[in-house]
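The values are calculated or read from the model by the stated rules, or taken from the named source; none is laboratory data. As the structure is a computational prediction, the values presented were derived from the model and not from experiment. Cβ sites come from the backbone with ideal geometry, for glycine too, and all protein chains shown count toward neighbours. Just so you know, the surface numbers come from the protein's heavy atoms only, side chains and all, with ligands and any DNA or RNA stripped out. Shrake-Rupley method; radii C 1.70, N 1.55, O 1.52, S 1.80 Å.
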Amino acid sequence: MSTPEADGAAVSAGGPHPQEPHGSNIGDKLNWLRAGVLGANDGIVSTAGVVLGVAGATAESSALLVAGVAGAVAGAMSMAAGEYVSVSTQRDSEEALLALERRELREDPEEELAELTGLYVERGLDPDLAQQVAEQLTAKDALAAHAEVELGLDPEALTSPWKAALASMAAFTLGALLPLLTILLVGADLRVPVTVAAVIVALACTGWISARLGYGSVKRAVVRNVFGGALAMAVTHGIGLLIGTQV
């Protein structure tokens with residue numbers, strides 16, 4: 001005889017796994033998180049490249065401050081503008097597709113119901129069950145049902161260009177603060193190696209986070225991130241040294 005505890009365990013065993021992401025907007029959340037990590041990563045690498053390049057040419061703190069702040073502000077504004085344009089274009093396309101879907105539902109609802117039924121059949125449901133699912137979802141919210149299956153969209157959760165731009169700018173700025181503050185606060189004789197070390201640690205962290213968010217290889221992501229950042233710092237610092245000796 002089953003007990004309430006056993007029944008509860010059976011229900012729990014058949015439900016969502018706690019270690020896995022669930023929810024209709026999980027993809028959007030992961031994209032936001034990845035965008036934030038990548039924005040911070042860009043801020044770290046680009047600002048480190050700027051200040052280390054200038055440090056190769058001069059030891060003047062004022063020059064490092066001006067170059068670092070200018071690079072951080074320019075990079076943050078560029079990230080914000082690029083994200084705004086990109087997301088605006090994507091949102092315009094999504095709204096146009098949803099407008100087309102609304103018109104089709106209004107002008108030919110029976111054909112749209114048949115189309116939705118066919119899409120569920122393609123996903124593996126038998127025709128009778130597919131018909132029932134399509135009818136029930138259409139009765140509840142026809143646009144949402146078609147948008148999800150046909151377009152992969154949620155009409156109520158379209159990405160905001162302004163939010164994307166501000167998030168990207170904030171992430172870049174936070175990332176840029178690390179190399180900027182490090183190279184300004186550390187003494188002249190240690191500022192380059194300490195900044196390089198701090199940036200490498202930060203890049204290892206962002207690589208680890210991005211791998212965890214994307215369920216990828218942590219080792220590969222960390223190595224790739226650190227190698228790319230180290231190469232960028234080496235090149236820019238080398239150019240700074242070269243220019244400094246010629247000026």
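Here's the yes/no breakdown for (1) open to solvent by less than 70 Å² (accessible area, probe 1.4 Å); (2) closer than 27 Å to Ala157 by Cβ:
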site: Leu65; (1), (2): no, no
site: Val69; (1), (2): yes, no
site: Met79; (1), (2): yes, yes
site: Ser88; (1), (2): yes, yes
site: Leu98; (1), (2): yes, yes
site: Glu101; (1), (2): yes, yes
site: Leu105; (1), (2): yes, yes
site: Pro109; (1), (2): no, yes
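Condition test on Thr138, is it in a helix (DSSP H, G or I) and surrounded by 13 or more Cβ atoms within 10 Å (Cβ to Cβ)? It is true that Thr138 is in a helix (DSSP H, G or I) and surrounded by 13 or more Cβ atoms within 10 Å (Cβ to Cβ). Take the conditions (1) farther than 30 Å from Gly175 by Cα; (2) open to solvent by 60 Å² or more (accessible area, probe 1.4 Å); (3) part of a helix (DSSP H, G or I); Gly118 misses just one of them, which is (2). Within region 218-237, the presence of a residue that is part of a loop (DSSP other than H, G, I, E, B) and on the phi < 0 side of the Ramachandran plot is excluded. For region 144-156, the count of residues that are more than 20 Å from Ser93 (Cβ to Cβ), open to solvent by 60 Å² or more (accessible area, probe 1.4 Å) and assigned to a helix (DSSP H, G or I) is zero.
Considering only region 69-76, I want to know if a residue exists there that is farther than 24 Å from Leu174 by Cα, part of a helix (DSSP H, G or I), in contact (Cβ under 8 Å) with a residue 12 or more places away in the chain and out of contact with any Pro (no Cβ under 6 Å at 6 or more places or on another chain). Among the residues of region 69-76, not one is farther than 24 Å from Leu174 by Cα, part of a helix (DSSP H, G or I), in contact (Cβ under 8 Å) with a residue 12 or more places away in the chain and out of contact with any Pro (no Cβ under 6 Å at 6 or more places or on another chain), which makes the answer no. Taken over region 157-199, residues that are in contact (Cβ under 8 Å) with a residue 24 or more places away in the chain, surrounded by fewer than 17 Cβ atoms within 10 Å (Cβ to Cβ) and assigned to a helix (DSSP H, G or I) amount to 5.
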